[in-house]
Structures are given as structure tokens and as C-alpha cells.
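The values are calculated or read from the model by the stated rules, or taken from the named source; none is laboratory data. Since this is a predicted model, take the numbers as computed values, not measurements. Note that we place each Cβ from the backbone using ideal geometry, even for glycine, and neighbour counts take in every protein chain shown. Heads up: the accessible areas ignore ligands, DNA and RNA and are worked out on the full protein's heavy atoms, side chains in. Shrake-Rupley method; radii C 1.70, N 1.55, O 1.52, S 1.80 Å.
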Amino acid sequence: MKLEKNDLDSFSNAAVLNEYGKAYMVYDDTRGYTQLVVEYHVRIKIFNSDGYRHATVVIPTHKDESGERADEISEVKAVTINVEGGRLVTVPLDKDQLFTEAVSKYLTHTKFTFPNLQDGCIIEYSYRLRSPHIFNFRTWYLQDDIPKINSLFEAIIPAMYHYNVILRGPYPLDKQDAKIARGAFRIVGRDIDCSHITYGMKDIPAFVSEDYMTAPSNFKSAIYFELSDIYRLNGANIKITKEWKNVDRELVTRADFGRQMKHDHAFKPILPTILTGTLDDLGKAKAIYQYIQRHIKWNRYLGKYSESGVSKALERRSGNIGDINLSLIAGLRAAGLDGEAVILSTRDNGLVNDVHPVLSDFNYVIAKVNIGDTYYLLDASDPLLPFGLLPLHCINGKARVVSLKDSSYWIVPESSQKSTTQHMLTAKLGADGLLRGRLTTNSYGYAAWRKRKELADYNTTAEYVEHRDEKLAGLQIESGEVLGATELDKPFVEHYDITVKLYDSLQAGELFFNPFFINRINKNPFNLDERTYPVDMGSASEVRVSMSIELPSDYELVAKPEDYRMALENNGGRYLSQTQLDNSVLTFSQLLALNKSTYPPESYFALKEFFSRIIQQEKIDVVLRLKREQ
């Protein structure tokens, strides 16, 4: 109760005082299969009202596709502990405040919120989970977004089950003990010895998420289990961890995967229309890709497997990710092109296991078309993506190519284009203190894709321009036009006639003017004292700003930002700015280039300093002074 917030760190609003888990197996004679039992108990200190969110608990439970095997939650206990009048007061959770929510057909949440919350209180809860899902045993998350003083996990695993165990994260275990538990597992009248392993970690820092990262689960300290073998009582060995050749066979023969890739006959009647006027293979691939983009709308469901099938997806003009991209592969094959499937895990789903094939790691499928010595990765679920450009959520480490004719293999999808933006302003400063001119912005690659998605959120281009007027602080858009909104292989171009109020008038003898009013960086995106995970931008980027401003002829340049050059090591990026005055025309140029999509943790402080210096540079004004009469 006496623990203070600053005893651990300066920013956390709650902390785990002690966390304990125990997982073991029991054989259910009635149901005829092994179940996993998990006992969980945790005590959390709430420092202030910002920590109250940790007092709402969500316990997920799952069921299999048949609906017959499901997790069961029992013995939920929860209390809130406060100090009132110098005495400890404990308020238990009312069982009527325990709710269940069906999130999907296969996922249910058991939820409750602690009563009588006060600053400085302690909340404590425990429960028992009984689960038929033993493949991943029980993942133990040592690290969370609040600090933990102590976390201890006991795994009791029968000798007939063999698991691969992986410790992920930057911190070492403080405790790892193993012993034999004699006869701790009983099955059909026989007692089986178990491995009793204890894992512990103390004083675990909070995991702080920051911009430019993939799933936090990729980097948090945790213990993962994966069932590899089962040794039956008769001596037989059932290998659970498969080899890729077995998985290839399974995928290629599945009705909702490989057989959909072969469903090219669905395209035979419509192929001549799709390919009208196309001659070469690249033209054919683009035509089929664009057809799928326009004719099958994504129903917002992910999945590597087809839910409806190619024929129904084409007929209904709707489908999940599997329906869309397996249809694309079937269409490419119908045109005589070499189309393959690529299964992957999206950025928020975590990285895949590249040591053993674990199909449950993959939640997405895209298409790969091979043309000559080049291949293109395609996702037709987004009608605004140009040919060959993947959505950033698909760029997440290794992915597996599944072919109908060859063995599968790994590739690493990367952004095929960088995010490029060019701002060009030509303007004139009038005697009334208003800067009037034309601003043209050209966007390419991912920058163009983001602009097109933003435009699609508005009913008209005029609404979009109005929104840009609100977003461009200090600039007023008098009129504007947008080009390239639907021509995905061309830049997205914006032309705006703008005014900027720099001064009430030009009567003052000395004028201050900040030239960094386009794409100014006001906040450093990197603020941690330490970052143990990579900075993942998704793609390289480049932003250029160039201005040409005609000033009144009776003003001269007194001071300006120094011309500035700065570079990150190993060609990681660069920043340039230059200002000069020539015949009453002020010219200004700026370049910010980040040449890599991913930077390792050891580059974090260099990036942090890089942006800090840019912010300081952008605070410096241009100073103009009225010329003295000769």
C-alpha cells in the first residue's frame, strides 16, 4: 500500500506487484482428450485515476470450428483493497457484475470492472481456465505496458508431450528451474511423470509503444510454447510440428485454398473482355488485377482461406481477403501467367515462426505473379493500390510462397516504392502583409495512396479541399483542384491558390518571417529514453519543399536560417535546408529523406537527435528590413 508511483518509474499509472500462473494437463476420461488447466492470480497497484483502465479485465476464451471444444472459465474472484481510516478495507466483486460478450463465432470475452476504485488502491483477481487447446500450451507474457515487480510461471508438462519453448524479448530470466514431478499426469489408469519448470522475472520495465513499430507482441518479453511431438502409450510418435512439404500438400489440396487457385475456368467466359487491347504479359496481369479490384469488394474480413469460393465471390462481387486474392491468382493462371499464393502475417498479428511451419501464424494471403525475371506482389483488396504496391500492413518480415507446381519457399516482402512528396510554392508578398500564390503538391507511392484514401472519405473533391484548408495551419485555400485521383499509376497532384497572413501591414521597419510553414515538424516522434525494438517505417520516404517568394523591392535580407546539412550514418537519411535572396526574390528549399524502411534499436538515439535538430532549425526566422534611402 505504501508503494509510490516514482518508486518504479516516472510515467506508469499502475504496476503489477505480483503475478503468478500455473499450467498443467489433465486427461478428461468422459470426453476422451487431454485438457490444459491454467490457474492465474495477480495483484496490481493503481496509483491514480489514469490507471483505472487496468481495473477493467477481459479474459478471452476460444472454441474450435466445430464448436464442440471450448475454453471454460471458473472460480473468478476479484477484490479491491483500500486504506480507510487507517484500516484495510476489502470490497469483493459482485458476481452479478461478471459479463460475457460474444466477439465472434469462435471468441468470447469474460469481462468485469473492479468496484470502489480509489487512487492508491490495490486490485487483485484470480481465475481458473480449462482448455482443450493444448498446441500452444500457455503463452506467458512477462512484460506488459505497466511495470511488474515480480512475475512467476510454473509449467507442468507430461513426458508424453514435447514442446518447443521460446523466450522472446530483451530481458533475461531471473529464475528458471526444472525438476521431475513423478506421476503428476494420469491417463487411462496410468501415471505419467511430468517436467515441472518454473520461469521467473523481477523488476520488469513497462513496455512503451511508440510510433513506427509492428505488433508489440514481437518485442515484449514472453515465453512461447509450441507442441512438436506426442508420444503415445503404445510407443508410437505423432509428429505435430510438420515439415513444409507436408504443409504444401495440405494447402494445395484444400478446397478453400489450392483448389481455388486452380479455379481458372471461372474466368474463361469473361477473360476476352478483361484482356481487350492488351498484348504483353505485364499488360494482362495489370488488366486482371484491376478487374478484381473493381469487381470484388472486400467485406472487411481477413483470412488466408477463401470463405465463398472464386465463383461466388465473382458473382456476389464481395469476399474476404482469401476470396479476393485467390480469385486474382485464378485469373492470372487463366490468362496463362505464372501466379502463386503468398501467405503472411500482418503487422498487427506478429511475426511468423520461420523455424517450423505453424499455419495459425499466417492470417493473410496475397498474389505473386512472375513475368520474365521479375515478380510482382499484389493485393487486390484495396481499389486504391496501384499494381505492384503492397499495403503497409502486409510488410512484416518473412512470407511463404505457395506454388501449385513447386515446393514452397520464403521471401521477404518489401515496399516496392517509397513515400515521396514534393511541395512547390510560387508566391508574392503584398503591401498588405498577405502572401498570395500557388501551392502545388505532388505525391508518389505510399504518399499518393494515403492521399487517395483520404479523398475517398469525402463525398466531393470540394469537401476534401475544405478539409485540407483546415489542416494546413496558417494557410487559407482560396481555390483548389486535384488530379490523378483515379489514375493509380500517376502522381496524386494538388493545386491550391493560397493566401498566408504574415503581417498586418508592411509598415514596420523590420519583419520576421518563418519559411518552414509547409510540412513543419512540431513534435519529435522519438521520445523514449531507451527503445529495445526497431524503428519500422514500412517504407523509405522523401519530402521536398521549394519556395520562390517575390518580396517588395524596398526590403533587404538581414538574417536567415543558416544553410544546413545533416546526414545519418550508413546512408540512413539526410536533411538539407537553404535560403537566399536574389533581386528581391526569396528562394527556400528543404529536403528530408529517410532512406531505410527499418532502423535497428542501436540507431534510435541518432534518429532522435536527427529530428531534434530539425525541430530546432525550423524555429529560425528570416528577418527583412526596410532599406535605408541612399
Item to check | Karplus-derived HN-Hα couplings along the stretch 145-155 (A = 6.51, B = -1.76, C = 1.60, θ = phi - 60°), whole Hz, x at Gly and Pro | outcome: 7, 10, x, 10, 7, 8, 9, 10, 9, 10, 10
Checklist entry - Ranked from the most accessible area to the least, with a 1.4 Å probe and all protein chains present, what is the order of PHE512, PHE219? => result PHE512, PHE219
Next on the checklist: Beyond a 23 Å Cα-Cα separation, which of these cross-linked pairs lie in this structure: LYS297/LYS398; LYS501/LYS560; LYS63/LYS304; LYS22/LYS202?
Outcome noted: LYS297/LYS398
Checklist outcome for this item: Pseudo-spin-label distance HIS295 to TYR171, built 7 Å along Cα→Cβ, given in nm, is 5.5 nm
Checklist outcome for this item: Diffing the stretch 339-353: the Karplus 3J(HN,Hα) column from phi (6.51, -1.76, 1.60, θ = phi - 60°), in whole Hz with x for Gly and Pro, holds x, 10, 9, 10, 9, 8, 10, 6, 4, 7, 9, x, 7, 8, 7
Checklist outcome for this item: Listed by chain and number, the lysines with an alpha carbon less than 19 angstrom from that of LYS608, same-chain partners under 8 positions apart left out, are LYS523, LYS596, LYS619
Checklist entry - What percent does the relative contact order of the stretch 1-137 come to when contacts are Cα pairs within less than 8 Å and at least six residues apart? => result 32 percent
Next on the checklist: How far apart, in nanometres, would the label points at THR276 and ARG520 be if each is projected 7 angstrom from Cα along the Cα-to-Cβ direction?
Outcome noted: 5.3 nm
Checklist entry - For THR440 and ASP348, what does the FRET efficiency come to when R0 = 51 Å and r is the distance between their Cβ atoms, rounded to the nearest 0.05? => result 0.90
Item to check | Built amide H within the under 5 Å cut-off of MET213, gap 5+ | outcome: ASP536
Checklist entry - By how many nm would the segment from GLU84 to LEU3 grow when fully extended, if each residue of separation counts as 0.36 nm and the alpha-carbon distance is taken off? => result 27.5 nm
Checklist entry - Based solely on its DSSP helices, what 222 nm [θ] is calculated for the chain when runs of n ≥ 4 H residues each add -39,500 (n - 2.57) and the sum is averaged over all residues, nearest 500 deg cm²/dmol? => result -4500 deg cm²/dmol
Checklist entry - Which one of ALA102, PHE112, SER10 is farthest out on the positive end of the charge dipole of the stretch 1-131, using unit charges on Cβ (Lys, Arg +1; Asp, Glu -1) and the Cα centre as origin? => result SER10
Checklist outcome for this item: Computed from the beta carbon distance with a Förster radius of 60 Å, FRET efficiency for VAL558 and SER407 to the nearest 0.05 stands at 0.30
Checklist entry - Over the stretch 393-464, what is the relative contact order in whole percent, taking alpha-carbon pairs under 8 Å and six or more residues apart? => result 22 percent
Next on the checklist: Can you give the local net charge around ASP256? Use residues other than it whose beta-carbon is closer than 11 angstrom to its beta-carbon, Lys and Arg +1, Asp and Glu -1.
Outcome noted: +1
Checklist entry - Using r as the Cβ-Cβ distance of ALA159 and SER318, and R0 as 45 Å, what FRET efficiency do you calculate, to the nearest 0.05? => result 0.35
Checklist outcome for this item: Taking 0.36 nm per residue of separation between TYR458 and ALA215 and subtracting their Cα-Cα distance, the length gained on full extension comes to 84.5 nm
Item to check | Partners for LYS95 among aspartates and glutamates (Cα-Cα distance below 17 Å; same-chain residues under 8 apart left out) | outcome: GLU72, GLU75, GLU124
Checklist entry - Given 0.36 nm per residue, what is the gain on full extension from GLU510 to LYS202 after removing their alpha carbon distance, in nm? => result 104.7 nm
Next on the checklist: Given points 7 Å out from each Cα along the Cα-Cβ axis, report the VAL623 to LEU302 separation in nanometres with one decimal.
Outcome noted: 5.5 nm
Item to check | Solvent exposure ordering (accessible area, 1.4 Å, most first) of THR61, THR460 | outcome: THR460, THR61
Checklist outcome for this item: The percentage of the accessible area of the chain (probe 1.4 Å, all protein chains present) made up of carbon and sulfur atoms, to the nearest whole number, is 47 percent
Checklist outcome for this item: Given a 1.4 Å probe, the accessible area of the chain per residue, as a whole number of Å², is 50 Å²
Checklist entry - Per-residue HN-Hα couplings for the stretch 41-55, Karplus 6.51 cos²θ - 1.76 cosθ + 1.60 at θ = phi - 60°, whole Hz, x for Gly and Pro? => result 8, 9, 10, 10, 9, 9, 7, 7, 5, 5, x, 5, 4, 6, 8
Next on the checklist: If N is the number of residues in the chain, what value comes out of its Cα radius of gyration divided by 2.2 N^0.38 Å?
Outcome noted: 1.19
